[in-house]
Amino acid sequence: MTETETSIPAAQVGENLAAVTERVAAAARDAGRAPEDVTLVAVSKGHGVGAIRGALEAGHRVFGENRVQEAEAKWPALKAEFPDVRLHLIGPLQTNKVALALALFDVIETVDRPRLAAKLRAELDRRLELDARGLSYFVQVNTGEEPQKAGIAPAEADAFLAAMAADYRIPVSGLMCIPPVDEEPALHFALLAEIARRNGVASLSMGMSADFETAVAFGATHVRVGTAIFGIREVHPTG
Ligand SMILES: *Cc1c(COP(=O)(O)O)cnc(C)c1O
């Protein structure tokens, strides 16, 4: 698919998935939560259809991709074959890719600015049949206030969430964050959980291969795990 694609035996993907699923469940039980309250989003960016099939054949149905074009190359055929797949967009969404993204993804986790919200609203108004697809929207919060990272600033999150409801009429079901690599992720998970709590947002997408157990302890309802399931990607930005 891309030159960054890696290959991993399908059986290995199945084993890794089982191990990660068990670790998520154990973290949930440790936190006094029900394992089924945490959804494992298998992040397949940088990996080809063979590796993805390993996960599908193991019964997994929730996946994440961070680039619209890469997902467009891999997923339409797989979704036709496995109609109950739920595909999450976890990377930045450019306004010129909104139509493509709404056709392919089931959850857009990276709504992060008014211009994108306006474009989503316009596209939803133009294509009324999209309502029937049952799409969900999460707002990405830049908890570390990193200039190079996408996401709404924490101080602007409440106002943006209010505008999502009142101005753009887009129901927000979750918040998402990617903590800075060199900081204690727990602080960022706690901040995201607090913003969600005070705004009445139910879902929290936080935690990756290195820190998903911590994220579950802080209330993650969705963890986004790539490397621990599919192995190392050669080169790929994390968005
Ligand atoms: C790549 C990526 C992940 C998965 O990262 P791993 O460390 O491989 O588990 C999670 N979230 C986002 C937004 C990503 O881009």
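The values are calculated or read from the model by the stated rules, or taken from the named source; none is laboratory data. Computed from a prediction, not measured in an experiment: that's the story for all the values here. Using ideal geometry, Cβ is built from the backbone for each residue, glycine included, and neighbour counts are taken over all protein chains shown. Protein only, heavy atoms only, side chains kept; ligands, DNA and RNA dropped before computing areas. Shrake-Rupley method; radii C 1.70, N 1.55, O 1.52, S 1.80 Å.
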From the phi angles alone, apply the Karplus equation (6.51, -1.76, 1.60; θ = phi - 60°) to the range 101-109 and give each ³J(HN,Hα) in whole Hz, x where the residue is Gly or Pro. 5, 5, 7, 10, 8, 9, 10, 9, 8
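Viscosity 1.567 mPa s, temperature 4 °C: what is the translational diffusion coefficient of the range 10-230 from Stokes-Einstein with a Kirkwood Rh over Cα pairs, rounded to a whole number of µm²/s? Write down the numbers at each step before the final one.
Details: Rh = 17.6 Å.
Taking Rh from Cα pairs, D becomes 74 µm²/s.
For the chain, give the percent of accessible area contributed by carbon and sulfur heavy atoms, probe 1.4 Å, rounded to a whole number. Intermediate results must be reported in sequence, preceding the final value.
Numbers: 5590 of 10430 Å².
Using a 1.4 Å probe with all protein chains present, the chain comes out at 54 percent carbon and sulfur.
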Residue order for ASP112, ASP167, ASP182 - accessible surface, 1.4 angstrom probe, largest first: ASP182, ASP167, ASP112
Please calculate how many Å² of accessible area the range 1-146 carries per residue, with a 1.4 Å probe and no DNA, RNA or ligand atoms counted. 43 Å²
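Sort TYR168, TYR137 from largest to smallest accessible area, using a 1.4 Å probe on the heavy atoms of the protein chains. Each step should come with its number before you reach the end.
On the way: TYR168 45, TYR137 10 Å².
The ranking, largest first, comes out as TYR168, TYR137.
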Separation of the LEU100 and ALA80 label points, Cα + 7 Å toward Cβ, nm: 1.8 nm
Extension length gain for GLU129 and ASP30 (0.36 nm per residue less Cα distance), in nm, is 31.4 nm
At 1.4 Å probe size, with no ligands or nucleic acids counted, give the accessible surface of LYS149 in Å², nearest ten. 40 Å²
Under a point spin-label approximation (7 Å from Cα along Cα-to-Cβ), what is the ALA202-LEU187 distance to one decimal in nm? 3.2 nm
Dipole check, the chain, charges on Cβ (K,R +1; D,E -1), about Cα centroid: among HIS60, ALA153, ILE108 the Cα furthest to the positive pole belongs to ILE108
Can you compute the charge dipole magnitude of the chain about its Cα centre, using +1 on each Lys and Arg Cβ and -1 on each Asp and Glu Cβ, nothing else charged? Give it in debye, rounded to the nearest 20. 620 debye
Can you list which of the DSSP-assigned H helices in the chain have a Cα extent of 15 Å or more along the long axis and an average Kyte-Doolittle score of at least -1.0? 10-30, 68-81, 114-126, 185-199
Suppose each label sits 7 Å from its Cα in the direction of the beta carbon; what would the ALA122-ARG169 distance come out to in nanometres? 1.7 nm
Counting only protein heavy atoms and leaving out ligands, DNA and RNA, the solvent-accessible surface of HIS222 at a 1.4 Å probe, in Å² to the nearest 10, equals 30 Å²
More than 22 angstrom apart: percent of Cα pairs within the range 9-135: 42 percent
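For ARG115, ARG224, ARG233, ARG67, give me the order by solvent-accessible area with a 1.4 Å probe, most accessible first, ignoring ligands, DNA and RNA.
Details: ARG115 160, ARG224 10, ARG233 50, ARG67 110 Å².
The most accessible residue leads, giving ARG115, ARG67, ARG233, ARG224.
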